Amino acid sequence: MKSLKELFRIGHGPSSSHTMGPRSAAEKYLERHPDASVFRVTLYGSLAATGKGHLTDRAIYQVLGEERTEIIWHPETILDFHPNGMKFEVVDEFGMLLDPWTVFSVGGGALVEDGVNQLETPEVYELDHLLDIKDWCEERGQSYWEYVNYCEGPEIWDYLAEVWQVMRESVERGLEHEGVLPGGLNLRRKAPHYYIKAMGYGSNLQTRGLVFSYALAVTEENASGGRIVTAPTCGSCGVVPAVLYHIAKSRKFTDKRVLHALATAGLVGNIAKTRASISGAEAGCQAEVGVACAMAAAAANYIFGGSLAATEYAAEMGLEHHFGMTCDPVCGLVQIPCIERNAHAAARALDANLYATYAEGIHRISYDKAVEVMKQTGHDLPSLYRETSEGGLAKEYEKKERRRA
């Protein structure tokens, strides 16, 4: 598995696969042709179907320059390796296309080149099954975060400290910002209002309201192009910060313990990314919000003193109960139903933590098996439900708007 630095990416929303990935690809291609006069970029499949709503074109133009870049949209063409395909070319003075480069944005801002070879980054983790990592930890009397430290080295903690800082800032910014989100849906920000309402309830109801408000704050920042952390993606960036921010603030845990929880969450997300997918275009929203819920559940269970088995169970439960969740963003925007799903997944992560604690970690289905099932379920989903905005809620919303017109 790769470093957690490739899972927790700091950047701007609204989409890790449709905004951060294409921006990164454009930067790499510009390094190859810094003096090119004209670029042509062809977007395929999901990138073309929902790219305008996800600001894919703006991300590419910001790097290559709008005045010298032509973007071609082919939503009907899905390349074999992954639905998020794109091809970069240079156009010479005679109109000839040179140096074609096909690359895929596979989720979480990560890129895969030519459908086969991942862009050169080192493998950091030898083990990629949570049960194997659990055995490693049990043999040495260590925790999941200590396996992260063993594989990554002590320098990972400075990076995770920066990640946690950006997560906190995105929560706090989102709680202060009001107004309407960009994109044309005229969706008002809800986080500040949920926070104020939650403060008026008793402690038994206040917890959920606060967690909702924190998740809304981050995802609304993401939807407006704000600075966030992929956890594991932009579309699911509110779940882990909401849970950790709430626990840290309400229980007064130290930053050190929060960072250990964040490393535990990263390990869970990294396994799903490596062995299945964290891309809504490839496996539906279960691969984004479902994995985020698993990460947050594991982090919460660790931070409250859960055993290795209980933490693994919390992660499994967080993922399992999102099986089959479709990715059907209305108008191709990371807003409806994405924002609301983050809030509910954050609450569900806390429930998974509690349930796993009561069960003392005893269960039949492993997190590793859940990852396998999630992958197969994602492949079985029709493309209508994998970030194309051609089915589900997106289609019903389109029908309603046509009837109004």
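Quick note: the coordinates plus some simple rules give every number you see, no bench work behind them. These numbers were taken from a predicted model, which means no experiment stands behind them. In this analysis, Cβ positions are derived from the backbone assuming ideal geometry, glycine residues included, and neighbour counts consider all displayed protein chains.
Observations, loosely collected:
- Listed residues Ala48, Pro14, Tyr147: farthest to the positive end of the dipole of the chain (Cβ charges): Pro14
- Cβ-placed point charges (K, R +1; D, E -1), dipole of the chain about Cα centre in debye, nearest 20: 1840
- Here the sum of -39500 (n - 2.57) over DSSP H runs of 4 or more residues, divided by the residues of the chain, equals -16500 deg cm²/dmol at 222 nm, to the nearest 500.
- Cα centroid separation - region 153-230 against region 70-108, whole Å: 34
- Helix 289-303 axis versus longest C-alpha principal axis of the chain: approximately 30°, rounded to the nearest ten.
- Net +/- balance of residues flanking Gln62 in space, Cβ distance below 11 Å, scoring K and R +1, D and E -1: -1
- Listed peptides 16-26, 204-214 by packing density, highest first (mean Cβ within 10 Å): 16-26, 204-214
- Stokes-Einstein D (µm²/s) once Rh is taken as the Kirkwood radius of region 76-151 over alpha-carbon pairs, at 37 °C in 0.692 mPa s: 206
- Relative contact order of the chain, defined on C-alpha pairs under 8 angstrom at six or more residues apart (%): 18
- For the chain, the antiparallel share of DSSP beta bridges with both residues in that region comes to about 75%.
- Taking 21 Å as the limit for the C-alpha separation, the pairs Lys5/Lys273; Lys2/Lys249; Lys369/Lys395; Lys28/Lys375 exceed it in the case of Lys2/Lys249; Lys369/Lys395; Lys28/Lys375.
- Pairwise label distance in nanometres, Arg275 with Ser250, each label 7 Å out on the Cα-Cβ vector: 3.1
- Within a straight-line Cα-Cα reach of under 17 Å, Lys256 can be paired with the following aspartates and glutamates, leaving aside sequence neighbours fewer than 8 residues apart in one chain: Glu146, Glu152, Glu155, Asp158, Glu162.
- From the Kirkwood radius over Cα pairs of region 180-274, Stokes-Einstein at 20 °C and 1.002 mPa s returns a whole-number translational diffusion coefficient of 148 µm²/s.
- Nearest-ten-degree value, helix 392-404 long axis tilted from longest Cα axis of the chain: 60
- Between the helical axis of 367-380 and the longest alpha-carbon principal axis of the chain there is an angle of about 30 degrees.
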